[in-house]
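Data block below; observations after.
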Amino acid sequence: MEAKFVKMEAILLKVFVLSTLVETNIALFPKVCLPSEIFASKECCPVPEGYEDKCGGPDRGYCNDIVVNIVDSTDGFTGDFDRFQWPTTFFNRSCKCLGNFDGPDCSDCKFGWSGKNCTNQTTRIRRNILKMTVEEVEQFKLYLIKAKNTISDYMVPTTLYRNMDDDTQPMFTEISVYDLYTWYHYYVSRDNIRGTSKANTSIHDVTADFAHGGPGFPTWHRYFMLLWERALQKVSNNEEFALPYWDWAGELNCTICTDTYFGKSTDSLHNFTVTGTFANWPAICYDFENLTQHGELCSNTRPSLNTPRIQRNPGGNESPELQVLPSKEAVYYALSLTDYDVIPTNYVPVYNNWTHSPCSFRNVLEGFGDSENQTGLPRVHQLHNQVHIYLNGTMSDVPIAPNDPIFILHHSNVDRIFEKWLRRHNVTADQFPDTSTPLGHNRYSYMVPFFPERTHSDFFKNADHFGYDYDDIDEFGLPLDPVEREREITAVSQMKKCTLSNNDPGNTDKIIWFISGLFFAAIAVLVIVSINCVRRRRRRNYHRFTRDDEITDISM
């Protein structure tokens, strides 16, 4: 390892010098941690401006060892390990901030606090975009445009850690404030990168999603949206800004898919681009699958005229169930569930069948549990997932979905439902699984790729801990509107009770085996008929074959 850092010294110095010539001054990690001697030490504890001590000293914070609470197994994985035991591949010491201070060097305030000494408590209200004025909507869109055209204070890596000693390519590149968050989402949910050879392919390599398909889905996205909200506050110089949400439940169509909001779809040879403000909105990392196959990390973060634009075709999916948005009853069913997440029966990490979590609020909210039929049985196209696929375009491609600004509105609403459930059931951190979870989804796992490190348990709390609220719910998570309040209370009370005995994934497996049996029986019949035809045609004696021999004979 020491030899590797010696070899990296010249490259890191070049990055340091070049980065001083551009507007950006921070990388995926703070720029001050990039000079070779600091990077080699694996310590990122900057001295904030105006202070003499690392992390601000006794009144603000101190430099501390990063202790990885959960060591995820890497058995079966090949290729890159950048996201495993995050962030210790890069750094194993960081700032531990005190009181209400926060950030890589403890110069920021925690969410919900402001002022020079972070002593002013604040609460921002997230509102339904359909109830905002035209002027307010336009202001929000202008903030997004400014974020898209403003160089971020962060840079992103152009290569994996294992290749950072190759001086033939740059290690970091500029990115806009808006695109940084698309890149974060791509990085956390991308397939594991093996290299140029496909010989090392394993099931593990395509299931390493650190933000979806497990208990960490709501908490990872809660922190993600808070960071995005803060970024827009800074780029707009508006500390009071709060993300709006789109309450899609029960809508007959995409009401925000108009030029007043986020653009209509226009079909040009089945290339469903959008009109209005976001007509020429570039989509970065659009070729992530091809890059993965070639062992490369997405680095096309500087949109050009050749960069594809976002696409959207609401309700245009071939499947009827994906031509509509989720019903209100589906949301009510999710809210009726009392367990946050339940370890699936016979859970096997290699297959990541945590999406079979029975009677689970998280699984139903994410869309892997049947909410429309109120059974909780495994599905893949409901609630959160259903909205993504309903929009039928950029939003349907999980890693790069944030390219479409509707992502913000959708996930603000998903967080709103999460908040309603947290308040309704008054849960504690003990509800969050701490064993046998998918990679990066344990209660105490550090969330990829955020720095300084934060765990899922840090964000398994009510929104008031982070200084925001929603405009239509009370302290118990119930609607403020009396009509909707009565409707929700009545509906939730009448929901079918989800029980493990009825919804055990084992029962689903039996059904799958039964259907599979019928399928193979049908194949067997076809094989026998085919053999008889061959026998009659060739006038030869009947021979008994094994099933494999039959298939081989037919293929010939």
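Coordinate-derived values only; no laboratory data. The shown structure was predicted, so the numbers you read here are calculated from the model rather than taken from an experiment. Virtual Cβ from ideal backbone geometry, glycine too; neighbours counted across all protein chains shown.
When only alpha carbons are used to place a centre, the range 243-266 and the range 327-391 end up 24 Å from one another. Take every Cα pair under 8 Å whose residues are at least 6 apart in sequence, average their separation, divide by the length of the range 43-194, and the relative contact order is 20 percent. Is there a pair in 131/461; 141/496; 146/328 whose C-alpha atoms are over 32 Å apart, and which pairs would that be? Cα-Cα > 32 Å for 141/496; 146/328; rest within. Give the calculated FRET efficiency between residue 41 and residue 293 to the nearest 0.05, with a Förster radius of 25 Å applied to their Cβ-Cβ distance. That pair, residue 41 with residue 293, gives E of 0.10. For the range 242-336, the relative contact order works out to 31 percent when only alpha carbon pairs closer than 8 Å and six or more residues apart are counted. Note on residue 240 and residue 490: the model spin-label points, each 7 Å out from Cα along the C-beta direction, lie 3.9 nm apart.
Descending by average beta-carbon neighbour count within 10 Å, the peptides 416-426, 398-408, 252-262 line up as 398-408, 416-426, 252-262, the highest first.
Taken along its principal axes, the alpha carbon cloud of the range 251-319 reaches lengths of 42, 29, 24 Å, longest axis first. What pairs in 116/234; 234/420; 42/96 have C-alpha atoms more than 18 Å from each other? Result: 234/420 exceed 18 Å.
Coupling constants for the range 128-138 follow from the phi torsions by the Karplus curve (6.51 cos²θ - 1.76 cosθ + 1.60, θ = phi - 60°), and in residue order they are 5, 4, 6, 10, 8, 6, 4, 5, 5, 5, 4 Hz; glycine and proline get x. Annotation: amide H of residue 172 within the under-5 Å range of 158, sequence separation 5 or more or interchain, hydrogens built in the peptide plane. With an a/c value of 1.5 or above and a/b not larger than b/c for the gyration tensor axes a ≥ b ≥ c computed over the alpha-carbon atoms, the range 69-149 is described as oblate.
In terms of its C-alpha gyration tensor, the range 335-412 has a prolate overall shape, because the principal axis ratio a/c (a ≥ b ≥ c, square roots of the eigenvalues) is not below 1.5 and a/b outweighs b/c. Modelled this way, with points 7 Å down the Cα-to-C-beta line, the labels at residue 483 and residue 49 are 5.2 nm from one another.
Per-residue 3J(HN,Hα) values for the range 354-364, derived from phi via the Karplus relation 6.51 cos²θ - 1.76 cosθ + 1.60 with θ = phi - 60°, read 5, 6, 9, 3, x, 6, 10, 4, 4, 5, 5 Hz in sequence order (x marks Gly and Pro). Computed from backbone phi with θ = phi - 60° and the Karplus coefficients 6.51, -1.76 and 1.60, the 3J(HN,Hα) list for the range 396-412 is 8, 9, 3, x, 10, 4, x, 4, 8, x, 4, 3, 4, 5, 5, 6, 5 Hz; x is used for glycine and proline.
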